1. Name the pairs whose Cβ atoms lie under 6 Å apart, with the first residue in the range 44-70 and free of Cβ contacts under 8 Å to residues at least 40 places away in the same chain and part of a loop (DSSP other than H, G, I, E, B), the second open to solvent by less than 80 Å² (accessible area, probe 1.4 Å) and of a type in the set (Gly, Ala, Ser), and 6 or more positions between them or separate chains?
2. Hey, can you tell me all the residues within the range 68-78 that are under 12 Å from the mean Cα position of the chain (by Cα) and open to solvent by 50 Å² or more (accessible area, probe 1.4 Å)?
3. Filter the range 79-111 for residues that are surrounded by 15 or more Cβ atoms within 10 Å (Cβ to Cβ), in a strand (DSSP E or B), more than 10 Å from the chain's Cα centre (by Cα) and not hydrophobic (A, V, I, L, M, F, W, C) and give the result.
4. Only one of 55, 42, 65, 26 is at positive phi, modelled with pLDDT of 95 or more and either surrounded by 14 or more Cβ atoms within 10 Å (Cβ to Cβ) or out of contact with any Pro (no Cβ under 6 Å at 6 or more places or on another chain) (or both). Can you tell me which?
Amino acid sequence: QVQLVESGGGLVQSGGSLRLSCAASGIRFAINEMGWYRHAPGRQRELVACITDGGLTNYADSAKGRFTISRENAGNTVYLQMNSLKPEDTAVYYCNMRTWASDHWGQGTQVTVSS
């Protein structure tokens, strides 16, 4: 059974930092891409950042310069370091892991940034 377990969300003041983690288990094939998405009320789910198994990264414009995505291939774990958080970063954050044959999502973790 595939499980993606997220942690690290919470309430933080504007300008603060949080580090999200997502650990996967039970995925049969090598994970090609790991990513973080977010879903804010009244908005569509959007990509925040993703990283390939080769270490190539892609960030949403809103995340560039403030967020850093990293991964541990051996542990099937992906991280999102979020600095200089803003109220508009408030959302449920979901991790995503993709193999050549499957696409897996975490349960989501709430990030709330107060002004």
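1. Cβ pairs passing all conditions: 63/49; 66/84.
2. Start the filter on the range 68-78 by keeping residues that are under 12 Å from the mean Cα position of the chain (by Cα), which leaves 68-71, 77-78.
Result: 68, single match.
3. Of everything in the range 79-111, those that are surrounded by 15 or more Cβ atoms within 10 Å (Cβ to Cβ), in a strand (DSSP E or B), more than 10 Å from the chain's Cα centre (by Cα) and not hydrophobic (A, V, I, L, M, F, W, C) turn out to be 98, 104.
4. On the way: 55 fails: modelled with pLDDT of 95 or more; 42 fails: modelled with pLDDT of 95 or more; 26 fails: modelled with pLDDT of 95 or more.
From the options 55, 42, 65, 26, the qualifying one is 65.
The values are calculated or read from the model by the stated rules, or taken from the named source; none is laboratory data. Quick caveat, the model's predicted, so the values are computed rather than measured. When we count neighbours, we look across all protein chains shown, and the Cβ atoms used for this are built from the backbone with ideal geometry, even at glycine. Keep in mind that these areas ignore ligands, DNA and RNA; they rest on the heavy atoms of the full protein, side chains included. Shrake-Rupley method; radii C 1.70, N 1.55, O 1.52, S 1.80 Å.
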